[in-house]
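Engineer: Below are the C-alpha cells for one structure; questions will follow.
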Ligand code: NDP
C-alpha cells in the first residue's frame, strides 16, 4: 500500500483526473489541483482532497502551498497543460508565450513552491511531457518547444537534486483520448481565423492532414488516460524508477525510431503522412 501525499496538477480532466483517482486507489493521500470549484467538488465526491491552482498565477500557487501546509510530500505530478497549434510563420507570439507559460514556466513555478515539502518527504517529481518532447512535428512547434524544454528542465533538476533524495521522472505518452484534442482544435480554429489568406494557400493541406491525424487519435487510436495514470503510479512507487517512461505503442515506436532514422528521411515520412 502506497502512503504519503501526492499533488496532481491539472486534475479536472484527462490524464490528471485519471491519475489523481488512481493514486487514491493505490493508497496515496491524493490531492487534485484544479481551477474550477465544480471540478473540485467532483473530485471530493470521490474521496480526494483538492486545492485550487492555476499554474500561471503565482498567488494561486502560493495559496495552494499555504493550503497544504508544510507537510512532507511523497510526490508532485506536474501534469497541467494545453496544446497550441498553427504554422510558426503566422503564429501569434502571445500564443507561443501562453504555451510556454503554462507547459513550462508553470511547471517550474509549482515545483519551486513544493520542493521543500518534497525534500522533507523524500518525494518524487513526475513531469508529464510527451513523445512530442522527443520528436517535433510541423504545426505544433510551440507545444514541442514546451515539451522539449520540460525534458531538459527535468534532466537538469534531477541532476541538481542528486543526493538530496528527490527524484525527477518524465512521462512521455503518445496519443491519449482526452479533451486536449478538442480544446486544441478550438484554439487552432481561433488562431487560423486570424491568419491571412496566404496561410491557407501555404499550409492548408498540412493543417488538414494534421487535423485528420488528431481526429484518429481522439476517435480510434488514442489510449485511455488510465493507462498513463498507471505508469505514473509506477513511477511513484517503483523501488528503482526509470528516468523516462514512454507510454503507448505509438510513443514506444516513434521514440526509438527517431534516434536511428536519418532526419531527412523522417522529414519526408512526416510530410507524406500529412499529405504534402
Ligand atoms: P486535458 O485537457 O484533459 O487536461 C489538461 C489539464 O490542464 C486540465 O485539468 C486543465 O484544467 C489543466 N490546465 C490548463 N491550463 C491550466 C493552468 N493555467 N493552470 C492549471 N491547470 C491548467 O489534457 P490531457 O489530460 O491530455 O493533458 C494532460 C497532460 O498530458 C498535458 O501536459 C499534455 O501535454 C500531456 N499529454 C497529453 C497527451 C494526449 O494525447 N492527450 C499526449 C502526451 C502528453 P481546466 O479544466 O481548468 O482547463
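Engineer: Here are the criteria: (1) more than 16 Å from the ligand (Cβ to nearest atom); (2) touching a helix residue (DSSP H, G or I) at 6+ places or on another chain (Cβ under 7 Å). Tell me which single one residue 121 does not satisfy.
Structural biologist: Residue 121 satisfies every listed condition except (2).
Engineer: Report, by residue number, each residue of segment 1-13 that is in contact with a strand residue (DSSP E or B) (Cβ under 7 Å, 6 or more places away or on another chain) and surrounded by fewer than 24 Cβ atoms within 10 Å (Cβ to Cβ).
Structural biologist: Across segment 1-13, the qualifying residues are 4, 5, 12.
Engineer: Only one of (1) out of contact with any helix residue (DSSP H, G or I) (no Cβ under 9 Å at 6 or more places or on another chain); (2) surrounded by 15 or more Cβ atoms within 10 Å (Cβ to Cβ) is not met by residue 220, so which one is it?
Structural biologist: Answer for residue 220: the failing condition is (2).
Engineer: So residue 128 ticks every box in (1) over 24 Å from residue 203 (Cβ atoms); (2) surrounded by 18 or more Cβ atoms within 10 Å (Cβ to Cβ); (3) away from the ligand (no atom under 16 Å from the Cβ) but one. Which box is left unticked?
Structural biologist: Every condition holds for residue 128 apart from (3).
Engineer: Right, next: Would you confirm whether any residue within segment 177-189 is in a helix (DSSP H, G or I), touching a strand residue (DSSP E or B) at 6+ places or on another chain (Cβ under 8 Å), modelled with pLDDT of 95 or more and closer than 30 Å to residue 123 by Cβ? Spell out the reasoning first.
Structural biologist: At the first step, the residues of segment 177-189 found to be in a helix (DSSP H, G or I) are 180-189.
Of the ones still in play, those that are also touching a strand residue (DSSP E or B) at 6+ places or on another chain (Cβ under 8 Å) are none.
No, every residue in segment 177-189 fails to be in a helix (DSSP H, G or I), touching a strand residue (DSSP E or B) at 6+ places or on another chain (Cβ under 8 Å), modelled with pLDDT of 95 or more and closer than 30 Å to residue 123 by Cβ.
Engineer: So is residue 53 near the ligand (Cβ under 9 Å from one of its atoms), closer than 19 Å to residue 117 by Cβ and under 16 Å from the mean Cα position of the chain (by Cα) or not?
Structural biologist: So residue 53 passes the test.
Engineer: Further, regarding this structure: Does segment 12-28 hold any residues that are near the ligand (Cβ under 6 Å from one of its atoms) and either within 12 Å of residue 49 (Cα to Cα) or not in a helix (DSSP H, G or I) (or both), and which are they?
Structural biologist: 12, 13
Engineer: Kindly indicate which of 98, 115, 104 is away from the ligand (no atom under 11 Å from the Cβ) and closer than 19 Å to residue 58 by Cβ.
Structural biologist: 115
Engineer: Quick check on segment 87-94. Is at least one of its residues modelled with pLDDT of 95 or more, within 16 Å of the ligand (Cβ to nearest atom) and crowded, with 17+ Cβ neighbours inside 10 Å?
Structural biologist: Scanning segment 87-94, I find no residue that is modelled with pLDDT of 95 or more, within 16 Å of the ligand (Cβ to nearest atom) and crowded, with 17+ Cβ neighbours inside 10 Å, so the answer is no.
Engineer: So residue 198 passes all but one of these: (1) surrounded by 13 or more Cβ atoms within 10 Å (Cβ to Cβ); (2) away from the ligand (no atom under 16 Å from the Cβ); (3) over 30 Å from residue 1 (Cβ atoms). Which condition number does it fail?
Structural biologist: (1)
Engineer: Restricting attention to segment 140-169, report how many residues are away from the ligand (no atom under 11 Å from the Cβ) and crowded, with 16+ Cβ neighbours inside 10 Å.
Structural biologist: Result for segment 140-169: 15.
The values are calculated or read from the model by the stated rules, or taken from the named source; none is laboratory data. What you see is a predicted model; the values in this text were computed from it and never measured. Cβ coordinates were reconstructed from backbone atoms using ideal geometry, including for glycine residues, and neighbour counts include every protein chain displayed.
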